[in-house]
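Down below is the structure, laid out as structure tokens.
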């Protein structure tokens, strides 16, 4: 275990940094990449280091960011460019090892245990990567954590930013990692952190020293994983870059241009989101077993739920119908505030050829999926708008093009705490 050498590479202020490369006139300025205010997506998606120093935070409204930083330059996102630069950087990583696992566009784990005879120690490899990324991308910087587990490597990359290397070793991890707030550890969200605080577990060290039986009783099998991560005994491998990686979930969410005051309009949004999700599932050769929905009202209060799909599927209609059913079970438009945003997510994914239990609904689902594939071909040839659902005609609650997927923000990769049926 302690012999492993794992890096976590985190591109600093990635979206904003790419925009500064594309537009050199932005260098040295406070920059924020923001959504479209006219579509009520006017929040900060990413910010430069200068904007960050001025107090600008990801997720806050543009007006609030400009109050903190009057000189803030706001630019729209160009997602295609972020994908391009992400691929450039990953190609650099694969020069050092084939064991490269992505965690979003801007983060990757690398297992360089077997690369040390060629490239030197973990810290030397990290320094080589740091220099190469900066040189070959025209200025992107990367913070790198060097450690013996994935979780500690991730903690290391967060310790110093930007453009820095931090080592959490078998010799220093108790001093460095155990003193950090327990909420800094990967996969410990707000709700879990509050439960731990009630138990007087405030730091990662507190968790590492906690009683196994107590943690297991309260958190179940996730508790065991938390203990292993805190103690540095977790042995989750870094996936090989050449392996076909099956993501944990695929989803989309949007803040609508107008508040949603009735179930019919909410259904329109759900179908638009489900079509995008189903397209991405089919593009990757995946099918999903479960679906989740997350609703946020005009006061920003949040409710969510998840449940099984009637069949393992990549069909938009099956996903949408199940998501609508979940929504109706937790939201009453006659008694609750209008909705501001909706997110749909499909998870428990499997790849093509993987075993999936048959279903009474499978024949209907298969017909829907085949129709979706035919529509994919039509849209790729004649454009997205060549086919539209009647449900979404003449309404603001729809998406005009698949390229507008940039405006339908992806499901939070850290969100794992929906309430299952």
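The values are calculated or read from the model by the stated rules, or taken from the named source; none is laboratory data. Fair warning: this is a prediction, and the values are worked out from it, not measured in the lab. With ideal geometry, Cβ positions are generated from the backbone for all residues, glycine too; neighbour counts draw on all protein chains shown.
Checking the structure you have, find out if any residue of region 312-325 is surrounded by 22 or more Cβ atoms within 10 Å (Cβ to Cβ), on the phi < 0 side of the Ramachandran plot, part of a strand (DSSP E or B) and over 19 Å from the mean Cα position of the chain (by Cα).
yes
So residue 260 ticks every box in (1) under 24 Å from residue 371 (Cβ atoms); (2) over 18 Å from the mean Cα position of the chain (by Cα); (3) buried (at least 20 other Cβ atoms within 10 Å of the Cβ) but one. Which box is left unticked?
If we test residue 260 against (1) under 24 Å from residue 371 (Cβ atoms); (2) over 18 Å from the mean Cα position of the chain (by Cα); (3) buried (at least 20 other Cβ atoms within 10 Å of the Cβ), just (1) comes out false.
Scanning region 245-268 for residues that are in a loop (DSSP other than H, G, I, E, B) and more than 16 Å from residue 337 (Cα to Cα), which turns out modelled with the lowest pLDDT?
Among them, the one singled out is 245.
Conditions (1) more than 26 Å from residue 180 (Cα to Cα); (2) without any contact (Cβ under 8 Å) to a residue 24 or more places away in the chain, marked per residue:
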| position | (1), (2) |
| --- | --- |
| 66 | yes, yes |
| 74 | yes, no |
| 84 | yes, yes |
| 121 | no, no |
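All but one of (1) surrounded by 15 or more Cβ atoms within 10 Å (Cβ to Cβ); (2) modelled with pLDDT of 90 or more; (3) not in a loop (DSSP other than H, G, I, E, B) hold for residue 217, so report the exception by its number.
For residue 217, the failing item is (1).
Within region 118-132, identify whether any single residue is surrounded by 24 or more Cβ atoms within 10 Å (Cβ to Cβ) and within 23 Å of the chain's Cα centre (by Cα), and answer yes or no.
For region 118-132, residues surrounded by 24 or more Cβ atoms within 10 Å (Cβ to Cβ) and within 23 Å of the chain's Cα centre (by Cα): absent.
Residues of region 126-178 being within 21 Å of residue 209 (Cβ to Cβ) and in a strand (DSSP E or B), which ones?
147
If you check every pair at least six apart or on different chains, which have Cβ atoms under 8 Å apart with a residue in region 149-162 that is free of Cβ contacts under 8 Å to residues at least 24 places away in the same chain first and a residue that is assigned to a helix (DSSP H, G or I) second?
As it stands, the answer is 159/176, since those pairs meet every condition given.
Consider residue 183 against the criteria (1) surrounded by 14 or more Cβ atoms within 10 Å (Cβ to Cβ); (2) in contact (Cβ under 8 Å) with a residue 12 or more places away in the chain: it satisfies all of them except one. Which criterion is unmet?
In the conditions (1) surrounded by 14 or more Cβ atoms within 10 Å (Cβ to Cβ); (2) in contact (Cβ under 8 Å) with a residue 12 or more places away in the chain, residue 183 misses (2) alone.
Within 22 Å of the chain's Cα centre (by Cα), touching a residue at least 24 places away in the same chain (Cβ under 8 Å), within 26 Å of residue 96 (Cα to Cα) and surrounded by 16 or more Cβ atoms within 10 Å (Cβ to Cβ) - does that describe any residue in region 224-232?
Yes.
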